[in-house]
Amino acid sequence: GPIVHLAGVSKRYGSISALDSADLLIERGELLAVVGPSGSGKSTLLNIIGTLARPTAGSLEIDGYDVAGLSDRELSALRARTIGFVFQQFHLAPGVPALDIVADGLLYGGKQRGYRRREAERALRRVGLGHRLQHLPHQLSGGEQQRVAVARAVLGDPPLLMADEPTGNLDSVSGAAVMDLLRELHGGGTTVVIITHDRDIASVLPREVRLKDGKIAEEVRR
Ligand code: ADP
Ligand code: ADP
């Protein structure tokens, strides 16, 4: 079945309708952009799909699980094994080597230090940073810092990667490198959802979901 299925999903904040009756099916292995002006509901949609916020109406299935039937604890466990997140801000702990930043992503999984470090090294090699294991964030370029964040997100190979403006803080060259990396992960079978303001990025992806005033206004497939 699909990795993400929203049927009539709404999210209200008091009197504000941040997301209004959204229907969205994302099949395993898709690569798609979510676009729309500021305030159109992109972050809300990311939070809902990412199981960071619960819908106020409608049904949401992630990886075959009906989210409404899960406790907060079960939802956290589902999120941890299913979804990796990348944000516009890299959120890398200052003064901590890249290898440890990524390895720390496994701290709560009960795995031993040796295992965590091996997995972190594998993830950093995967994003082309095998030569930067001991570098501190400030010794890395913006593009490299975002690739460390991507390495942390793909630890444990979650089937779904959610990226919120992943190139928003990067120059066009490093932004293109991060997009190449996301495409590569998609090529390896990961479902990748990219939230972006950047038309140049969205217009070359196979699918675009366009939001307007909290509604899915249009879909484009190429
Ligand atoms: P976008 O990411 O496209 O800028 P958002 O999803 O952040 O849009 O916001 C959609 C609408 O919902 C906006 O009107 C925003 O102000 C409102 N909104 C989002 N989150 C909250 C919240 N936590 N509390 C109140 N209003 C919110
Ligand atoms: P973006 O840069 O993606 O458009 P926003 O700045 O709209 O993101 O939102 C960033 C975060 O703040 C989101 O998690 C969103 O839910 C929350 N948010 C947005 N609008 C409001 C609001 N009016 N009140 C409270 N939280 C909000």
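Could you tally the net charge around Asn169, taking each other residue with its Cβ under 15 Å from the Cβ of Asn169, Lys/Arg +1 and Asp/Glu -1? Charge balance in the 15 Å sphere: -4.
Provide the net charge surrounding Ala68, with neighbours chosen by a C-beta distance below 14 Å and charges set as Lys +1, Arg +1, Asp -1, Glu -1. With Lys, Arg at +1 and Asp, Glu at -1, the net is -2. Eigen-decomposition of the gyration tensor built on the alpha-carbon atoms of region 84-208 gives equivalent ellipsoid semi-axes of 24, 16, 11 angstrom, largest listed first. For region 148-157, 3J(HN,Hα) computed residue by residue from phi via the Karplus equation (6.51, -1.76, 1.60; θ = phi - 60°) reads 4, 4, 5, 4, 4, 6, 9, 4, x, 6 Hz, glycine and proline entered as x. Under 5 Å from the amide H of Leu211 lie the amide H atoms of Val35, Gly36, Ala217, each residue being 5 or more positions distant or on a separate chain, with H modelled from the backbone and absent for Pro and chain starts.
Note on Lys215: aspartates and glutamates with a C-alpha under 12 Å away, same-chain residues under 8 apart excluded, are Asp20, Asp23. Phi angles across region 43-60 convert, under the Karplus curve 6.51 cos²θ - 1.76 cosθ + 1.60 with θ = phi - 60°, into 3J(HN,Hα) values of 4, 4, 4, 4, 5, 5, 4, x, 6, 8, 9, 9, x, 8, 7, x, 10, 10 Hz, Gly and Pro given as x. Which shape class applies to region 44-99: rounded if a/c is under 1.5, otherwise prolate when a/b exceeds b/c and oblate if not, where a ≥ b ≥ c are the square roots of the Cα gyration tensor eigenvalues? Taking the square roots of the gyration eigenvalues as a ≥ b ≥ c, region 44-99 is prolate.
Short-range pairs are left out: with C-alpha atoms under 8 Å and at least six residues apart, the relative contact order of the chain is 29 percent. Under a model in which nothing but the beta-carbon of Lys, Arg (+1) and Asp, Glu (-1) is charged, the chain shows a dipole of about 520 debye around its Cα centre.
Annotation: per residue accessible area for the chain equals 48 Å², rounded to a whole number [probe 1.4 Å, protein chains only].
Its Cα gyration tensor gives region 180-222 an equivalent ellipsoid, and the semi-axes of that ellipsoid, as √(5λ) in whole Å with the largest first, are 21, 11, 10. Projected over every direction and averaged, the convex hull enclosing the alpha-carbon atoms of the chain yields 12.1 nm². Here the accessible area of region 59-163 is 48 percent carbon and sulfur, with a 1.4 angstrom probe and all protein chains present. Got a sec? Charge dipole of the chain, +1 on Cβ for Lys and Arg, -1 for Asp and Glu; which of Leu136, Leu46, Tyr115 is way out at the positive end? Looking along the dipole axis, the top candidate is Tyr115. Between Asp171 and Leu107, the modelled labels are 3.3 nm apart [label points 7 Å from Cα along Cα→Cβ]. Each label was represented as a point 7 Å from its Cα along the Cα-to-Cβ direction; for Asp213 and Ser21 these points are 1.3 nm apart. Charged side chains reduced to their Cβ positions (Lys and Arg at +1, Asp and Glu at -1) give region 84-195 a dipole of some 500 debye around its Cα centre. Cross-link partners of Lys212 among lysines, defined as those whose alpha carbon lies under 27 angstrom from its own and excluding same-chain residues fewer than eight positions apart: Lys11, Lys42. Region 70-108 and region 5-59 have Cα centres separated by 21 Å. Electrostatic tally near Thr191: other residues with Cβ closer than 9 Å to its Cβ, Lys and Arg +1, Asp and Glu -1, net -1. Per-residue ellipticity at 222 nm computed for the chain from its helices equals -9500 deg cm²/dmol, with DSSP H segments shorter than 4 residues left out and the rest contributing -39,500 (n - 2.57).
The values are calculated or read from the model by the stated rules, or taken from the named source; none is laboratory data. Everything numeric in this text was worked out from a predicted model, so none of it was measured. Glycine also receives a Cβ, built like all others from the backbone with ideal geometry; neighbour counts cover every protein chain displayed. Areas reflect the complete protein model, heavy atoms only, side chains present, ligands, DNA and RNA absent. Shrake-Rupley method; radii C 1.70, N 1.55, O 1.52, S 1.80 Å.
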